[in-house]
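This report concerns only the one structure given below.
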Amino acid sequence: MKKAILFMASYLLSLTFIFGQESALYTQKYTYATLSPYQKQVFEDFINDEIPSGKRIGEVLTNKTSLRSKTRLAEALLFRNKAGDKENAVEILTWILKNQHRDENTRIYGIWKTNIDDDKFDQNWREFIGCDLIIIRKKYSHLLPKEILEEMEVGLVHAARGALKRNVGADYTNISIMSAFLMNYVGTEFNREELKTAGLKKAYDVFNLYQSHKTFSEYNSPTYYGVTLVAIALWRELALSPEIKQMGQTLEAAFWHEITSVYNPNLKNMVGPYFRGYGMDMQKYFAITGIWIAIAVDDAKLSPIPLKNGPKYGEMSNIAPIFSLGLSIPKDDLAKLKTFSKPQFVSRIIPNTYKGDSLKRVTAMMQKDWMMGGLWGNRRVWGQIKTGTIHWKTADGEVGWLMVPGDGKTNVQVNQKTMKVFLADSTARNIAFYVCAPNAATTSLTDDLWALPNMNLGINTALKRTVTENVESAAFQKQWEVSEQNTTILKVVYEVPAAWDVQKPLIEITPKK
């Protein structure tokens, strides 16, 4: 074990050079008193949404509420610590801890109900709620009564034991990083050697998987990249293991660099494809990566989140751990979040176990006013996957987009100028595209040109176009897990002939801004 640790220490030092951690970091520790006006506004908006004016705290602890959000509400109240905040936080935590499922007979430990009235439990709540309880215990224990702290300890041990039993793989990125931290922290703090060792091992597994291709398996998710940032910040800020703390610092700097390589500050969106995406325009729904970026750039005009409450607003609960853990980002990457630097082509290999290739390929092209990306090797049918995307800025400053859905039928590859769509499922007899832009019209889509607001898409295909229609937003949102509502969504369907040569593109799409 000692040899392994010495090797890892040497390895980490080499990675410091590789990842450029010798470059200057911008670090910020937050207190309520030092929040900027913008940061304080979004923070207060979250609390006011959770506790509407005139409501007592007991009135919002309902059978329909999210236990995860309420845990973070308690965390936010303790962070603010105004008159009455401590008492409200104690009431919330008492309620949270009473709603943990502990079944010693079936050995299912530390699962919190998703909602109180449906008796359903979310396995991932162990990590989410457990990690927030650790933050609360570490940073705000002086504000809490002894009996809450004792009950919190019991809950954390149950949660860590449950995480050990479940043993998620390192490729379940956001959960595995939190699981490693939860087990190692609880094992170290409460002298549970099995948990301590398992947490450290999982941390190594996560770290080494990242090193294999310098990326995480849950690639390019506007939501889950934000969860991963919270998890890595836990390693950096609160890990009791020196190895995990160092790995966290190394990963955090590298991961911010990865984020800025796929984020376009002019379009205020991440380029596709999305391995796990809940929307197509971060300015119209709350993505957790967008919340991190909003706090980092500290400017409403540069922020990629909506200006007011909107779809997925519950994700704003992440503001509590973000402010509790603080920000650490290379200064060069912080600048890239504010201003578009230069056009770039991205090509990545992703270690990923979704149905299809075990190593999936991503290609993307980013220009200032438009960008596109494609995924090759995925056969999993899942609405969260956006296999191909094109984004552009319209004349009125809105973002238009094209989406190739995650239906497992296609492989998408882009170069600096063109998106090429290939057949992945030889049994498929049609492929679909979705287009969204203000005032886009089906009559503007011809066989060789889609004339969209502020963007012409050149079309090269031998396929027969069978459907060109407007689709209803709610049905589209449900089918393809897109959160934001859009007034105009066009669907285009092409017929695929039998025995199509998979080496030949089905269609080529060339943006002409």
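The values are calculated or read from the model by the stated rules, or taken from the named source; none is laboratory data. Keep in mind that what you see is a predicted model, and the values were worked out from it rather than measured. Every residue, glycine among them, receives a Cβ derived from its backbone with ideal geometry; neighbour counts consider all protein chains shown.
Taking Val42 and the conditions (1) modelled with pLDDT of 95 or more; (2) touching a strand residue (DSSP E or B) at 6+ places or on another chain (Cβ under 9 Å); (3) aliphatic (A, V, I, L, M), which numbered condition does it fall short on, given that it satisfies the others?
The single condition Val42 does not satisfy is (2).
Out of Val271, Val206, Val297, report the one residue that is farther than 25 Å from Gln384 by Cα, at pLDDT 95 or above and aliphatic (A, V, I, L, M).
None of the others qualify; the one that does is Val297.
With the condition kept exactly as written, say whether any residue in the range 325-344 is among the aromatic types (Phe, Trp, Tyr), out of contact with any Ser or Thr (no Cβ under 8 Å at 6 or more places or on another chain), in a loop (DSSP other than H, G, I, E, B) and more than 27 Å from Leu73 (Cα to Cα).
Yes, some residue in the range 325-344 is among the aromatic types (Phe, Trp, Tyr), out of contact with any Ser or Thr (no Cβ under 8 Å at 6 or more places or on another chain), in a loop (DSSP other than H, G, I, E, B) and more than 27 Å from Leu73 (Cα to Cα).
Pick out the one residue from Gly400, Gly408, Gly388 that is under 23 Å from the mean Cα position of the chain (by Cα), in a loop (DSSP other than H, G, I, E, B) and modelled with pLDDT of 95 or more.
Values: Gly400 fails: in a loop (DSSP other than H, G, I, E, B); Gly388 fails: in a loop (DSSP other than H, G, I, E, B).
Answer to the check: Gly408.
Would you be able to tell me the number of residues in the range 170-203 that are buried (at least 24 other Cβ atoms within 10 Å of the Cβ) and among the polar types (S, T, N, Q)?
Qualifying residue count for the region: 5.
Which one of these is β-branched (Val, Ile, Thr) and in contact with an Asp or Glu (Cβ under 9 Å, 6 or more places away or on another chain): Ile295, Ile288? It would help to see each step written out before you state the result.
Working: Ile295 fails: in contact with an Asp or Glu (Cβ under 9 Å, 6 or more places away or on another chain).
Of the residues listed, the single one that is β-branched (Val, Ile, Thr) and in contact with an Asp or Glu (Cβ under 9 Å, 6 or more places away or on another chain) is Ile288.
From Ala76, Ala89, grab the single residue that is out of contact with any Ser or Thr (no Cβ under 9 Å at 6 or more places or on another chain), closer than 24 Å to Ile111 by Cβ, in a helix (DSSP H, G or I) and not aromatic (Phe, Trp, Tyr).
On inspection, the qualifying residue turns out to be Ala89.
Just to be sure, is Leu423 under 30 Å from Cys131 (Cα atoms) and among the aliphatic types (A, V, I, L, M)? Even if it seems obvious, please write down each step before you answer.
Numbers: under 30 Å from Cys131 (Cα atoms): no; among the aliphatic types (A, V, I, L, M): yes.
Judged against the criteria, Leu423 is not a match.
Give the range 114-143 a look and list any residue that's within 22 Å of the chain's Cα centre (by Cα) and either at pLDDT below 80 or hydrophobic (A, V, I, L, M, F, W, C) (or both), or say none.
Listed by number, the residues that qualify are Thr114, Phe121, Trp125, Phe128, Ile129, Cys131, Leu133, Ile134, Ile135.
Just checking, does the range 278-301 include any residue being touching a strand residue (DSSP E or B) at 6+ places or on another chain (Cβ under 6 Å), hydrophobic (A, V, I, L, M, F, W, C) and outside any helix (DSSP H, G or I)?
Yes, because at least one residue in the range 278-301 is touching a strand residue (DSSP E or B) at 6+ places or on another chain (Cβ under 6 Å), hydrophobic (A, V, I, L, M, F, W, C) and outside any helix (DSSP H, G or I).
Could we say that Val230 is closer than 19 Å to Ala296 by Cβ and under 17 Å from the mean Cα position of the chain (by Cα) here?
Yes, satisfied.
Within the range 482-508, track down each residue that is out of contact with any strand residue (DSSP E or B) (no Cβ under 7 Å at 6 or more places or on another chain) and surrounded by fewer than 17 Cβ atoms within 10 Å (Cβ to Cβ). Please lay out each step first, then the result.
As a first pass, look at the range 482-508 and keep what is out of contact with any strand residue (DSSP E or B) (no Cβ under 7 Å at 6 or more places or on another chain): 482-485, 487, 497-499, 501, 503-504.
Gln485, Thr487, Pro497, Ala498, Ala499, Asp501, Gln503, Lys504 - these are the residues of the range 482-508 that are out of contact with any strand residue (DSSP E or B) (no Cβ under 7 Å at 6 or more places or on another chain) and surrounded by fewer than 17 Cβ atoms within 10 Å (Cβ to Cβ).
Just give me the residues in the range 234-252 being surrounded by fewer than 23 Cβ atoms within 10 Å (Cβ to Cβ) and in contact with a strand residue (DSSP E or B) (Cβ under 8 Å, 6 or more places away or on another chain), in sequence order. Steps first, answer last, please.
If we filter the range 234-252 for residues that are surrounded by fewer than 23 Cβ atoms within 10 Å (Cβ to Cβ), which is where we start, we get 236-238, 240-243, 245-246, 249.
Correct list: Arg236, Gln249.
Looking at this structure, is Gln367 surrounded by fewer than 18 Cβ atoms within 10 Å (Cβ to Cβ) and over 27 Å from Phe128 (Cα atoms)?
Numbers: surrounded by fewer than 18 Cβ atoms within 10 Å (Cβ to Cβ): no; over 27 Å from Phe128 (Cα atoms): yes.
Considered against the rule, which asks whether it is surrounded by fewer than 18 Cβ atoms within 10 Å (Cβ to Cβ) and over 27 Å from Phe128 (Cα atoms), Gln367 comes out as no.
Every residue in the range 452-467 that is in a strand (DSSP E or B) and either surrounded by 17 or more Cβ atoms within 10 Å (Cβ to Cβ) or not assigned by TED's automatic domain parsing to the domain that holds Thr389 (or both), please.
Step one: of the range 452-467, the residues in a strand (DSSP E or B) are 452, 455-461, 464-467.
Selection gives Leu452, Met455, Leu457, Ile459.
Which of the residues spanning the range 477-494 are outside any loop (DSSP other than H, G, I, E, B) and more than 13 Å from Phe422 (Cα to Cα)?
Residues satisfying the conditions are Gln477, Lys478, Gln479, Trp480, Ile489, Leu490, Lys491, Val492, Val493.
Can you give me the number of residues within the range 208-227 that are among the hydrophobic types (A, V, I, L, M, F, W, C) and either farther than 18 Å from Arg348 by Cβ or in contact with a His (Cβ under 7 Å, 6 or more places away or on another chain) (or both)?
Count: 1.
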